[in-house]
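Student: I'd like to ask some things about the structure below.
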Amino acid sequence: MSEPVRAADLNLVLCHACGMACDLRGQPSHCQRCDAPLHWRKPNSLARTWAYLIAALVFYVPANLLPVMNTSLFGAGSESTIMSGVLEFWEHGAWDIALIIFIASIAVPATKFCALGLLLITVQIRSDWARQQRARLYRFVELIGYWSMLDVLVVALVAALVKFKALGDIEPRLGILFFGMVVVFTMLAAMSFDPRLIWEQEDDAGHP
């Protein structure tokens, strides 16, 4: 069975901005439609993805250790971290909110760290293991990235509800800032990774 024809064999490259397949005959440096710079692969994809991922991991520690909000009800104040907030909502019967916060704040970031780390390592060692599954894994990481800000939204909604009912006061704390940085850097890491690297392999001369 013959090998499928690649875009490189036809001198075609996909524009990262508008998705147009551009003809590289004549060596154009910009997309003919949107004038964006053309690249065979995202520039420094692995280095930038590693940098963003490590930054997200660094911010993930204080995001979970520092309080994300201060709650003052009827004169009694308390500060809550992400995990203590999950336990508090669960103990008060709000298991649905507790589950949303746990998934968005604990499970989703941890899943993205593991998935992106796996993709980066397998691409760097040029592994041909489970390429289709790894491509699906990348699409899954992109999909769940849009739900990573749920925890910040829940804190904002709870604060608005408490203030609306005049039950007390809720103020954000430093932990929510670090968590927001985790979300931003993990999304940047996913955007910087070039999934086409999963399918690259070396030829007989040792060139990709």
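Only the coordinates and a few stated rules stand behind these numbers; no lab work does. Predicted model, so just to flag it, every value in this text is computed and none were measured. In this analysis, Cβ positions are derived from the backbone assuming ideal geometry, glycine residues included, and neighbour counts consider all displayed protein chains.
Student: What distance in nm separates the simple spin-label points at E200 and L143, each placed 7 Å from Cα in the Cβ direction?
Tutor: The answer from the label model is 2.7 nm.
Student: Related question: Please give the contour-minus-distance gain from M191 to D9: 0.36 nm per residue of separation, less the Cα-Cα distance, rounded to one decimal in nm. Each step should come with its number before you reach the end.
Tutor: Working: separation 182, 0.36 × 182 = 65.52 nm, distance 2.61 nm.
Gain in length upon complete extension: 62.9 nm.
Student: Can you give the FRET efficiency to the nearest 0.05 for T111 and R41, using r as the Cβ-Cβ distance and R₀ = 25 Å? Display every interim value, and only then the final one.
Tutor: On the way: r = 25 Å, r/R0 = 1.02.
After rounding, the FRET efficiency stands at 0.45.
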